[in-house]
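Each remark here refers to the structure printed beneath this line.
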Amino acid sequence: MAYTVEQIATALGAEAFGAVDMEIDGLAEPADATARDLALAMKPEYADSLPSGAAKAAMVWDGADWQSLGLEAAIISPRPRYTMSGLTTMMDPGQGWADGIHPTASVDDRAELGAGVSVGPMAVVCAGARIGAGTVIGPQAFVGTDAQIGTMGFLREGVRIGARVKIGERFIAQPGAVVGGDGFSYVTPEKSSVEQARQTLGDQGDTRSQAWTRIHSLGAVSIGDDVELGSNCTIDRGTIRDTRIGNGTKIDNLVMVGHNVEIGNDSLLCGCVGIAGSTRIGNNVVLGGQTGVSDNIFIGDNVITGGGTIVLSNIPAGRVMLGYPAMKMETTMEIFKGLRRLKRLFNDVADLKKAVSKPDASD
Amino acid sequence: MAYTVEQIATALGAEAFGAVDMEIDGLAEPADATARDLALAMKPEYADSLPSGAAKAAMVWDGADWQSLGLEAAIISPRPRYTMSGLTTMMDPGQGWADGIHPTASVDDRAELGAGVSVGPMAVVCAGARIGAGTVIGPQAFVGTDAQIGTMGFLREGVRIGARVKIGERFIAQPGAVVGGDGFSYVTPEKSSVEQARQTLGDQGDTRSQAWTRIHSLGAVSIGDDVELGSNCTIDRGTIRDTRIGNGTKIDNLVMVGHNVEIGNDSLLCGCVGIAGSTRIGNNVVLGGQTGVSDNIFIGDNVITGGGTIVLSNIPAGRVMLGYPAMKMETTMEIFKGLRRLKRLFNDVADLKKAVSKPDASD
Amino acid sequence: MAYTVEQIATALGAEAFGAVDMEIDGLAEPADATARDLALAMKPEYADSLPSGAAKAAMVWDGADWQSLGLEAAIISPRPRYTMSGLTTMMDPGQGWADGIHPTASVDDRAELGAGVSVGPMAVVCAGARIGAGTVIGPQAFVGTDAQIGTMGFLREGVRIGARVKIGERFIAQPGAVVGGDGFSYVTPEKSSVEQARQTLGDQGDTRSQAWTRIHSLGAVSIGDDVELGSNCTIDRGTIRDTRIGNGTKIDNLVMVGHNVEIGNDSLLCGCVGIAGSTRIGNNVVLGGQTGVSDNIFIGDNVITGGGTIVLSNIPAGRVMLGYPAMKMETTMEIFKGLRRLKRLFNDVADLKKAVSKPDASD
């Protein structure tokens, strides 16, 4: 689908210059752009590659002398990174799936589908499921018994939504995302070695080896509006009440959210993050890639963690954290520096010991 | 399905008090409970929320004065956490799937299904597969050629069991769990840089860049009785012999178990744990979330690791470990404290160096 | 399928000795071998178990006195580990799937399938997809709109290939692997707390809480020849250009490759590795299990990382790295030693302080 440069600028609330009637088919990096692409040259260093491509139009930085870059048309936006959102939405070719209920899909008669819901090939929608208007249930996706999904959702191929899960509006889930697996919750007849070791921080005592008995997960998962889930991530159901994810929270690939966890609004959980059971996470929290969080703790609003952070205890609101164990980022950076000089420190102390034991020699 | 308070207590081997004929439909946390729920108030702090809900009956702690809590009936159990197992089993509403072989399922004529086996929509059961009586093959699940699954198993939506995998009784697998992918095993024509770096602990030498050739996985996976697998976890097949998982072992979401690994009985692998190839893990081991374990090592019985532990070498039986690298938990806790004071240590040593180089100044 | 000892040796370029006409059905470890297995006894310590099994033939180490081991036939290879590749290829029983297009598969009329392509039960191939000759699309696998897969590929059950993804020859993907989920890319109307914290290394300033708006992923994923993907791994599409994986690169289970990432040729990414967006990785790189790599950085050719390494900044070519943060392996090993002696260091410094503050006492 083609747009003119002017149409694009108007849609984005940006300004268009030059041959604003030029038609644009897609977006491209400057070196890859054809004559019908809008090149993305939002920084001077990106514009350097414009001559390697064939772009006639580009999105450029505020104040750029676009004519001297050899362009015939340009769009300028005050915050180009934010403009990328609207621009990529306009230009997204999507997955190319057909509308309607595919003849191979299995939709139970007792499911309720809103207007314009589409269900892809080999998808399964169980009894009592309620799917809001305009939502796309992708190929091979699964929606369990009595599950609810709001309007305008988009479930990619192979997404699995378990029984009784409740999801708000505009939900997006990438391939293989699982919502509503059972929690990992087991108990032993007598006090277990883990319970003992936690209390003593290391000593198992003489607790016997015992078999684990399963605690079933009777709760479901409640997910707010505008939530997105990454490929092959997993969100477990709660034990008695629901696991809860607030509005606007985005969860990346291969993230695990354990049973009973509560996550607030507008938080980001980056790739490979793991949150153990019953932990609470506030609003506007950003957990960097591979961050791990212990069970039954609390992370306050606006906390940020760097990549690989291991969180073993509560974090008050507003902190920026890094490391294993998680400490303030500046403290951890200081420790990282110290570790690199640790050998020298050992040598210094060895020298000092010699010097002090023979004080005369140091004169 | 409703039970009386007395029926529940009897089933759990617990004691019922008060209006024991009261009917109960479900379980709830105290604040969320309706008049037909059994509230879970097994600790005094939980009971504080009873007035916010409408519970007339509750499970309470040993010695609780349940009448003063405003309840009409109560169940008391000597070990309430363990009682949760029986209670949640009774009250689990399950996935709501129909019995029998769904007409859209693809079950090969040469597969053998025991009495009462059910196969969900879009599920695939290959030739030679043998499924024990009462086992549920969920929607979109897959059972490969000549695979065996014991009786009373439960495979959630999208579980994948590869060819020739052997699984015992009462197996439970959450959505997207994969058993029997190929191992990650490659070899170079000449000694590789990795082989060289391992021998020298850091020096690749002048090993050339080479392409990797695949070693096929001819082994399968053997899984004992009462094993459970979490959502999207992966258990690889062995190279020649089978990868093996003992009885009663529970594996959480997004855990990876590499080729040739052997895991004993009654062990727990928490979320996001990774076990590299050919490592052996004993009985009653508990690996905390995101624990990583190197290949070709040994972890003894009853070992416990804390979250994020990276295990690079053998661990003798009975140890409680934490950290990167894994050390005794108490040692790592001591190191964590030391790291927080590392800057001060550098300063102290700097002061000492000054003092010692000018001994007169310290007087 | 049976082979004679001689046929096997010839196929592998190895030498056969003794009763070379003996027929072999499979491979086995020495203790498990039947009289029709070729036992794998490539090291003297493995040969010790030969008497526990029933092997008449074995692959043995160069220089082995095979007759004294009780064998009737033997194969000797100069580099036995490499020979394992050819040997396991010959003996692999495979997945046992039927040829052809299964009647339950959904293949769009506008898809192009090469000669001998097979498509398993419940698989979906979308419009415009092009599948090269001889490629196997496994049961419940998915190939999206306009996706391309080269010849002789093998997609196991439940593999998902998104729209417009391009994959080369001899591609192998294990169950549940996902290629072409959307990137994790969001932006806030004004500068976000993360942008601020990155610039200041820890200080969020007074950035307001904001909602995240999605940047769509218009790029696809380009994968070279001879690439293999592990179970439930995820490779995200690029934002504007494609995410790229070179020839011969192998990716293990539960690995995440973020949007815009570029990986060179013949690299290995072991289990649970995570690569954040826009990072570039060279040729012949080996990332150990659970290695995490930050976004927008560069890892040079021939770099090796040990298990659990967290890479927060660029790594020059040829380095062998370990630790959090990633440092040269020998440096990290030295630090690990130092940490174990850290308590003693604190004690030494405390003693020194006492000694120096009372110099007379140290005499």
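Go through region A:168-193 residue by residue and tally those that are open to solvent by 10 Å² or more (accessible area, probe 1.4 Å) and β-branched (Val, Ile, Thr). Within region A:168-193, residues that are open to solvent by 10 Å² or more (accessible area, probe 1.4 Å) and β-branched (Val, Ile, Thr) number 1.
If you filter region A:165-215 down to residues that are of a type in the set (Phe, Trp, Tyr) and either at the interface with chain B (Cβ under 9 Å from one of its Cβ atoms) or in contact (Cβ under 8 Å) with a residue 60 or more places away in the chain (or both), you find that the one that is nearest to B:Asn265 (Cα to Cα) is A:Trp212.
Restricting attention to region C:216-242, and to residues there that are of a type outside the set (Gly, Ala, Ser) and over 30 Å from B:Gly180 (Cβ atoms), which single residue is nearest to the other protein chains (Cβ to nearest Cβ)? Per the stated criteria, the residue is C:His216.
In the set (1) more than 8 Å from every other protein chain (Cβ to nearest Cβ); (2) outside any loop (DSSP other than H, G, I, E, B); (3) open to solvent by less than 40 Å² (accessible area, probe 1.4 Å), the condition left unmet by A:Ile335 is number (1).
Every condition in (1) closer than 23 Å to C:Asn253 by Cα; (2) hydrophobic (A, V, I, L, M, F, W, C); (3) facing another protein chain (nearest Cβ under 7 Å) is met by B:Ala147 except one, and the failing one is (3). Among the residues of region B:263-286, those that are within 19 Å of A:Leu254 (Cα to Cα) and either in contact with a Cys (Cβ under 8 Å, 6 or more places away or on another chain) or not assigned by TED's automatic domain parsing to the domain that holds B:Ala177 (or both) comprise B:Cys272, B:Gly274, B:Ala276.
Residues that are in contact with a Gly (Cβ under 6 Å, 6 or more places away or on another chain) and within 30 Å of A:Gly144 (Cα to Cα): does region B:33-49 have at least one? Yes - at least one qualifying residue is present in region B:33-49. The criterion of being open to solvent by less than 30 Å² (accessible area, probe 1.4 Å), in a helix (DSSP H, G or I), out of contact with any strand residue (DSSP E or B) (no Cβ under 7 Å at 6 or more places or on another chain) and under 23 Å from C:Gly338 (Cβ atoms) holds for A:Ala355. Residues in region C:280-294 that are under 25 Å from B:Thr291 (Cβ atoms) and in a loop (DSSP other than H, G, I, E, B): C:Val285, C:Gly288, C:Gly289, C:Gln290, C:Thr291, C:Ser294. Where strands (runs of 3 or more DSSP E) fall wholly inside region C:1-61, the ranges with 2 or more residues that are open to solvent by less than 20 Å² (accessible area, probe 1.4 Å) are C:26-28, C:37-41, C:57-60.
Here A:Gly94, A:Gly116, A:Gly134 are screened, and the one residue that is in a loop (DSSP other than H, G, I, E, B) and in contact with a Ser or Thr (Cβ under 7 Å, 6 or more places away or on another chain) is A:Gly134.
Just checking, does region A:235-252 include any residue being β-branched (Val, Ile, Thr), open to solvent by 20 Å² or more (accessible area, probe 1.4 Å) and either in contact with a Pro (Cβ under 8 Å, 6 or more places away or on another chain) or not assigned by TED's automatic domain parsing to the domain that holds A:Thr188 (or both)? No, region A:235-252 contains no residue that is β-branched (Val, Ile, Thr), open to solvent by 20 Å² or more (accessible area, probe 1.4 Å) and either in contact with a Pro (Cβ under 8 Å, 6 or more places away or on another chain) or not assigned by TED's automatic domain parsing to the domain that holds A:Thr188 (or both).
If you go through region A:89-113 and pick out every residue that is under 25 Å from C:Thr213 (Cβ atoms) and away from chain C (no Cβ under 13 Å), you end up with 0. Here is a check on your reading of the model: is B:Arg280 in contact with a Phe, Trp or Tyr (Cβ under 9 Å, 6 or more places away or on another chain), open to solvent by 10 Å² or more (accessible area, probe 1.4 Å), more than 10 Å from every other protein chain (Cβ to nearest Cβ) and at pLDDT 95 or above? Yes; evaluated as a whole, the condition is true for this residue. Within region A:62-77, the set of residues being in contact (Cβ under 8 Å) with a residue 60 or more places away in the chain and not in a strand (DSSP E or B) comprises just one member, A:Ser77. Cβ separations smaller than 7 Å between residues 6+ apart or across chains give the following pairs from region C:15-33 residues that are closer than 17 Å to C:Asp92 by Cβ to residues that are among the basic types (Lys, Arg) and open to solvent by 30 Å² or more (accessible area, probe 1.4 Å): C:Ile24/C:Arg36; C:Asp25/C:Arg36; C:Glu29/B:Arg241.
A residue that is modelled with pLDDT of 95 or more, open to solvent by 30 Å² or more (accessible area, probe 1.4 Å), assigned by TED's automatic domain parsing to the domain that holds B:Ile275 and touching a Gly at 6+ places or on another chain (Cβ under 6 Å) can be found somewhere in region B:149-161. Report every pair of residues separated by at least 6 positions or lying on different chains whose Cβ atoms are under 6 Å apart, first residue within region A:216-240 and aliphatic (A, V, I, L, M), second modelled with pLDDT under 95 and open to solvent by less than 10 Å² (accessible area, probe 1.4 Å). Matching pairs, first to second residue: A:Leu218/B:Thr88. Check region B:135-143 and report whether any residue there is over 19 Å from B:Ser231 (Cα atoms), under 27 Å from the mean Cα position of the chain (by Cα) and polar (S, T, N, Q). Checked against the condition, which is being over 19 Å from B:Ser231 (Cα atoms), under 27 Å from the mean Cα position of the chain (by Cα) and polar (S, T, N, Q), region B:135-143 yields no hits at all.
Do you know which of the residues in region A:283-309 that are more than 10 Å from every other protein chain (Cβ to nearest Cβ) and open to solvent by 10 Å² or more (accessible area, probe 1.4 Å) is farthest from B:Leu322 (Cα to Cα)? Residue satisfying both the conditions and the ranking: A:Phe298.
The condition (being open to solvent by less than 50 Å² (accessible area, probe 1.4 Å) and farther than 23 Å from A:Thr4 by Cβ) is satisfied by just one residue among A:Ala123, A:Ala73, A:Ala115: A:Ala123. Taking the numbered list (1) out of contact with any Pro (no Cβ under 7 Å at 6 or more places or on another chain); (2) within 11 Å of chain A (Cβ to nearest Cβ); (3) touching a residue at least 12 places away in the same chain (Cβ under 8 Å) in turn, B:Cys126 passes all entries but (2).
The values are calculated or read from the model by the stated rules, or taken from the named source; none is laboratory data. None of the values given here were measured: they were computed from a predicted structure. For neighbour counting, all protein chains shown are included, and Cβ atoms are generated from backbone atoms with ideal geometry for every residue, glycine included. Only protein heavy atoms, including side chains, enter the accessible area calculation; ligands, DNA and RNA are left aside. Shrake-Rupley method; radii C 1.70, N 1.55, O 1.52, S 1.80 Å.
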